[in-house]
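Right, one structure below, let's go through it.
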Amino acid sequence: MNFSLQYITRKNIRSLQPYSSARDEFTGEASVFLDANENPFNAPFNRYPDPRQLELKNQLCKLKKISTESIFLGNGSDEPIDLLFRAFCEPACDNVVAISPTYGMYRVAADINNISYHEVLLEEDFSLNARKILAATDVSTKMIFLCSPNNPTGNALEQTEIVTILQNFNGLVVLDEAYIDFCPEKSLLNNLDLYPNLVILQTLSKAWGLAGIRLGMAFASSEIISILNKIKYPYNINLLTQHKALEMLQTETTKNDWVETILEQREILATELAKLSMTIQLYPSDANFILVKTTAAKAIYNALVDRQIIVRDRSKVSLCGECLRITVGKAEENSLLIIALEEIGRFENLKI
Ligand SMILES: *Cc1c(COP(=O)(O)O)cnc(C)c1O
C-alpha cells in the first residue's frame, strides 16, 4: 500500500486558513467573557458552545479507549460523510466506490458534491468480495464506502475482506459502524493505528437512543481528523446536544440494557415473521432491524400503513426485490406488527 494523505487532500483544503472563533483564540480559565459579542443574560444558553467539544470528547475517549485527537464530532453521521467528500474529492473529477445495496446518504453526499459514485453489488448472500471492490477503483477513486453491519441488509461484513481492502487501496476506506453495538463482531476502532487510510463512522442515533440530538462520530488518524476539524462549521455541535450526550454517556449500562432487550426482541420477531406465509426469506441480522423478503412488499407495506404501522419498503433497492426492512421495536409494538401481518395475510389480496 502506498497511502499519502497529502496526495489525496484537495489543494484548496491543504492551503485553507480556517475561521478562528473567539473561543478558539482564548481557551484558558476566565471569569469575564467580553470577546464573542454574546448577550450577558440567559446563561448558559447565551454562550457559544465549545467548538472543540473537549469535555464530550474526553468522555468518549474513555468509553472507546482512543485518543481525543482521533475523534471528530458531527451533526449526525451525515456531517462527516459530507465533509469527507469536501476534503478529499475534487468535484467533476474524482470518484468513490461503494457497496450496494447500502445506506442512501453516501450517494446523496456524492451527488451534492458532484462526485461520481460507482456501486459494486454485494454477493447474493450480501457478503463482501474485496477483489470486486478493488477492481472497481481507478486512479481517481478517493474513497471506498463500506457499512458493517450493513443497512438495509442487516449483516456484518467479513473482517478479513475489509482488511484486504484497507491493505490494497491508496485512498480512504470509510467504514460505517452505525449498528456496531448490536453486532457480535468487534469494531475495527482499535485497529486505527494499523490503517492510516481507515475512517470509522459511529453514531449516538441507534443503540444510544439519541437520534433526536444529532451526534455522529468519525474516528481516524489525527491527521485526517484535523482536516475535518479545519473545514467544519465552528460551532457544529450545539450546547443542548453536548449536554445531553455527556449526560447519557455517564451511564453505559442503560445503553447496554436497551441493546440486550432489542436483541431479545429481534429473535422473537424473527421467529414470528418466519411463521407467516407471506415471508419468503428472513435475512440474518446483526443490527436492530430485520430484512425480510415477502410475497408482495408494496401491498403489505400499504396494508400496514392502513393500520398505522410503518415499516420501510426496500423493494426497489438492488438485490432487495420484495423486501421490507423492519426495525425492532418494543415488545408491544412488535406484537402489534405481527397481529397486523397475520390479519393482512388472511384478508388482503397479496398479489404483486
Ligand atoms: C442510521 C444510520 C446512520 C446514522 O446517521 P446519523 O446521521 O448519525 O443519525 C449512519 N449510517 C447508517 C448506515 C445508518 O443506517
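Quick notes on this one:
- For the chain: relative contact order, % (alpha-carbon pairs under 8 angstrom, 6 or more apart): 17 percent
- For segment 13-110, diffusion coefficient by Stokes-Einstein and Kirkwood Rh (Cα), 37 °C, 0.692 mPa s, µm²/s: 192 µm²/s
- Label point 7 Å beyond Cα of THR254 along Cβ direction - residues of segment 204-219 with amide nitrogen under 11 Å: 208-210
- Expressed as a whole percent, the accessible area of the chain that falls on carbon and sulfur atoms is 51 (1.4 Å probe).
- Residues GLU185 and GLN6, FRET efficiency given R0 of 30 Å [Cβ-Cβ distance, rounded to 0.05]: 0.35
- The HN-Hα couplings worked out from phi for segment 45-54 by the Karplus form 6.51 cos²θ - 1.76 cosθ + 1.60 (θ = phi - 60°) are 6, 6, 8, 4, x, 4, x, 9, 6, 5 Hz, whole numbers, x standing for Gly and Pro.
- Relative packing of peptides 173-181, 214-222 - highest average C-beta neighbours within 10 Å first: 173-181, 214-222
- Greater than 19 Å apart at Cα, pairs in LYS64/LYS230; LYS64/LYS330; LYS275/LYS316; LYS57/LYS230; LYS132/LYS316; LYS206/LYS330: LYS64/LYS230; LYS64/LYS330; LYS275/LYS316; LYS132/LYS316
- Highest-MSF residue in the chain out of ILE144, ILE227, ILE112 [GNM, Cα springs under 10 Å]: ILE112
- Normalised radius of gyration (Cα atoms, divided by 2.2 N^0.38 Å) for segment 281-352: 1.04.
- Alpha-carbon Rg with Dmax, taken over segment 5-246, Å: 18.6, 63
- Helix-only CD estimate at 222 nm, as mean residue ellipticity for the chain, using -39500 (n - 2.57) per DSSP H run (n ≥ 4): -11000 deg cm²/dmol
- Under 19 Å from a label point set 7 Å out along the Cα-to-Cβ vector of CYS93, the amide N atoms of segment 140-167 belong to 140-144.
- For the chain: accessible area per residue (Å², 1.4 Å): 49 Å²
- Relative protection proxy for 259-267, 246-254, 201-209, from highest mean packing down: 201-209, 259-267, 246-254 (other beta-carbon atoms within 10 angstrom).
- Stokes-Einstein translational diffusion, segment 212-352 - Kirkwood Rh over all Cα pairs, 0.890 mPa s, 25 °C, in µm²/s: 137 µm²/s
- Ranked from largest to smallest solvent-accessible area, with a 1.4 Å probe on the protein heavy atoms, HIS118, HIS243 come out as HIS243, HIS118.
- Translational diffusion coefficient of segment 127-218 (Stokes-Einstein, Kirkwood radius from Cα pairs, 25 °C, 0.890 mPa s): 178 µm²/s.
- Its alpha carbons give segment 148-266 an Rg and a Dmax of 15.6, 43 Å.
- For the chain, share of DSSP beta bridges that run antiparallel, in % to the nearest 5: 50 percent
- Subtracting the Cα-Cα distance of GLU264 and ASN168 from 0.36 nm times their residue separation leaves 30.7 nm of extension gain.
The values are calculated or read from the model by the stated rules, or taken from the named source; none is laboratory data. This is a predicted model, so every value here is computed, not measured. FYI the Cβ positions are ideal-geometry reconstructions off the backbone, even for glycines, and counts take in every protein chain you see. Areas reflect the complete protein model, heavy atoms only, side chains present, ligands, DNA and RNA absent. Shrake-Rupley method; radii C 1.70, N 1.55, O 1.52, S 1.80 Å.
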